[in-house]
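What follows draws every value from the coordinates through simple rules; no lab data is involved. Note that the coordinates shown come from a computational prediction; the quantities given were computed from them, not determined experimentally. All Cβ positions, even for glycine, are placed from backbone atoms using ideal geometry, and neighbour counts span all protein chains on display.
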Amino acid sequence: MSLAACYNNVGISPDSDPSVANFDGHGNSYSQEALAAGGAARGAAIVSSGMRFTFPDVSVGASDNTVAQGQTIALSGAAGKLGFLMSASNGSATGTGTVTYTDGSAQSYMLSSPDWLSSTPPSGGAVAVSTNRRNGPETSYPLSIFSQTVSLTPGKSLASVTLPPGGPLEPNSPALHIFDISSVTTGNAVTVTNPGNQTSVAGTRANLQIHASDSAPGQTLTYRASGLPTGLSINSGTGLITGTPTTVATSTVTVTATDTAGATGSATFTWTVAAPVCRVAYKQLQYAPPIYGYRFYMVNLDITNTSNSAIPGRWKLTFTFNEDRGIVRNETGYVFSMSGRNVTVTEDKGVGINPHSTVTVAMLTYYYATTSTSTPPASFELNGNRCAS
């Protein structure tokens, strides 16, 4: 049996007669005209999640989608993955189905679709169609149709796919709606380079550039990320993750890149945000007027032990200046050493830092510059532990 033969719901109506459809059991439906404006006219080709779908091509008032109730759909041929064009009514819907191969073997798969009022793609999927309104007696909202893929066993030929179980459409029960099933890929391959597990310190700004490539030339990639620590976000156009994490926790992050043909690639890694054991306040004051282009600044570093344990004596603070600097003199008795722009401050008398106490390191520095612009060091480490700054 084909998917079209299983259609059991009218989910699309013309604006002139919304009453012919009832997608959610409340009399609401997708607007035929709004779908067409979003690229989903009847019979249109839709590319999403690296798959090519065909939107249902039926007459007005005819069933145009299948509410999943365990139906078995005949398939044929070998493929690397199946794609589902889907949505859900009355809340998000999740279910497990079965793919059966011609040799009699089978594999289970899971579909999870957000509610049709959502604009957030499913995990590992994409928003395939967006519309600006719906038809029906209730409030009009923008709507979405989503895509999600299922990886298949290599080298095997398809016999059928059984949809996840479910009951008939009810006004207050989530239902999974399937518009199309495809095994046809776009041919593009998007690869996201895994950056490896990340560690940051709460209260310290973080930057991570995500890199991705596409097998097809001329493609523009769009990035999204799920599971980012609170305070971080990703630039959808560049893949740069920035922000200041605020919550101490370990998160599982998945970054997905999607090209203009709908092909996607993703990478998953953990991001641990640790509590800082120290905090450094960087203060710089002009010490004297410039002399032959050399600028003299007094630099104070207020080092605070933010933990509940004492930091033992002979601690080391390391950081990197953003300019080639020299140190004229040490103002506070600590030991300084420099290698290029890298600075190490050592406490050599065995005097530690008590919990929630602050010590100040001061030095008179100079550097050659035509302007007074100076950027503080990006980070500080105390005995190898990143400090908040």
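Okay, here's what the table says:
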| item | result |
| --- | --- |
| ³J(HN,Hα) computed for each position of the stretch 241-256 - Karplus, 6.51 cos²θ - 1.76 cosθ + 1.60, integer Hz, glycine/proline x | 9, 9, x, 10, x, 10, 10, 6, 5, 10, 10, 9, 10, 10, 9, 10 |
| Prolate/oblate/rounded call for the chain, Cα gyration tensor, a/c under 1.5 rounded | prolate |
| For the chain, share of DSSP beta bridges that run antiparallel, in % to the nearest 5 | 95 |
| Label-point gap, in nm, between ARG205 and THR242 - each point 7 angstrom along Cα→Cβ | 0.8 |
| Sum of side-chain charges, THR186 neighbourhood, beta-carbon under 12 Å (Lys, Arg +1; Asp, Glu -1) | 0 |
| Stretchable slack from ALA249 to SER59, in nm (0.36 nm times residue separation minus alpha-carbon distance) | 63.1 nm |
| Extension reserve of the THR375-SER151 stretch, reckoned as 0.36 nm per residue once the Cα distance is removed | 75.8 nm |
| Unpartnered cysteines - no second Cys beta carbon under 4.7 Å - across the chain | CYS6 |
| Rounded FRET efficiency, nearest 0.05, which uses the C-beta distance separating THR306 from HIS26 and R0 of 51 Å | 0.40 |
| Alpha-carbon centroids, the stretch 94-137 and the stretch 353-377: separation in whole Å | 55 |
| For peptides 193-201, 30-38, sequence by mean Cβ density within 10 Å, most packed first | 30-38, 193-201 |
| Residue among ASN9, LEU117, SER151 farthest towards the positive dipole end of the chain, charges placed on Cβ | SER151 |
| Amide hydrogen neighbours beyond the local backbone of ALA44, cut-off 5 Å, H modeled | PHE55 |
| Using θ = phi - 60° and Karplus 6.51 cos²θ - 1.76 cosθ + 1.60, couplings along the stretch 141-158 (whole Hz; Gly, Pro as x) | 10, x, 10, 9, 10, 10, 10, 8, 10, 10, 6, 10, 6, x, x, 9, 9, 6 |
| Nonlocal amide H pairs with PHE380, under 5 Å, H built at 1.01 Å | CYS387 |
| J(HN,Hα) series, the stretch 121-131, from Karplus relation 6.51 cos²θ - 1.76 cosθ + 1.60, nearest Hz, glycine and proline x | x, x, 4, x, x, 8, 7, 8, 9, 10, 10 |
| Under-5 Å amide H pairs with ASN65, H placed in peptide plane, nonlocal only | ASN8, ASN9, GLY11 |
| Stretch gain in nm, segment ASP17-ALA362, where the contour uses 0.36 nm per residue and the Cα spacing is subtracted | 116.5 nm |
| Cα gyration tensor shape of the stretch 197-298, rounded if a/c is under 1.5, else prolate or oblate by comparing a/b with b/c | oblate |
| Approximate spin-label separation ASN322-SER233, in nm, with each point projected 7 Å along Cα-to-Cβ | 2.3 |
| Computed FRET value (nearest 0.05) for ALA4 with ASN194, which takes r as the C-beta separation and R₀ as 41 Å | 0.55 |
